[in-house]
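I have placed the structure first, in the form of structure tokens, so that the comments after it can refer back to it.
Bear in mind these aren't lab numbers, they're just calculated from the coordinates by the rules spelled out. On a predicted model such as this, the values are computed, not experimentally measured, just so you know. Cβ sites come from the backbone with ideal geometry, for glycine too, and all protein chains shown count toward neighbours.
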Amino acid sequence: MMRKLFVLPVILISLSLLFSAGLAAAESGSVAHRLVIQVSDDNPRTMKIALNNAMNVIKAVGQDNIKVEVVAYGPGLKLLMKKNKAFRDRISSMQLYGVRFAACGNTMKHFKLSKEGLVKGVSVVKAGVLEIMEKEEQGWSYIRP
């Protein structure tokens, strides 16, 4: 009888932990893969490679199996500017595939840029390096073309 009284609470606690872990995963929208891509120089070839990497990995694993975020800071912020006609339309279309683009707030302050100067849908983060660091700490894979 004592053994049953001990086993029952252990089973109930275990089941509740499993259930809550499942809910947490569902609420966080967990996916099989997460990739953060750094763009920190204004070389158009490097920018193109970064965007190609993002789309190639989405095609390889499927849009529903990955989260991709491109973080631009320093001279690389030019990638996300509306006036950058070479990439503006491509960034807009990539957002339809779920690619998130983040601009460094520190770089924007330094160059006195406003959010209105960014391609529509681009978010502003406090600091690009901090955003990448936090993503890596959360288990995201990192590449810098």
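Before moving on, here are some points about what is shown:
- Multiplying the residue separation of residue 126 and residue 144 by 0.36 nm and subtracting their alpha-carbon distance yields 4.5 nm.
- At an R0 of 35 angstrom, the distance between the Cβ atoms of residue 137 and residue 86 translates into a FRET efficiency of 0.60.
- Sequentially through region 37-46, phi angles give Karplus couplings (6.51, -1.76, 1.60; θ = phi - 60°) of 10, 8, 10, 10, 10, 9, 6, x, 5, 5 Hz, Gly and Pro residues having no value and appearing as x.
- For residue 67, the residues whose amide H sits under 5 Å from its own are 33, 34, 35, ignoring neighbours fewer than 5 places away on the same chain, with H placed 1.01 Å from N.
- Theoretical FRET efficiency, 1/(1+(r/R0)^6), r = Cβ-Cβ of residue 30 and residue 61, R0 25 Å, to 0.05: 0.95
- Applied to region 121-127, the Karplus parametrisation 6.51 cos²θ - 1.76 cosθ + 1.60 on θ = phi - 60° returns per-residue 3J(HN,Hα) values of x, 6, 8, 10, 10, 4, 8 Hz, with x for Gly and Pro.
- Pairs spanning more than 25 Å between alpha-carbon atoms, out of 59/83; 83/126; 78/135; 59/126; 83/135: 59/83; 59/126; 83/135.
- Of the trypsin sites (Lys or Arg not before Pro) found in region 89-145, those that fall in a DSSP loop while having at most 14 other beta-carbon atoms within 10 Å are 112, 120, 126.
- Close amide H contacts of residue 101 (hydrogens built in the peptide plane, cut-off under 5 Å, sequence separation of 5 or more or a different chain): 70, 123.
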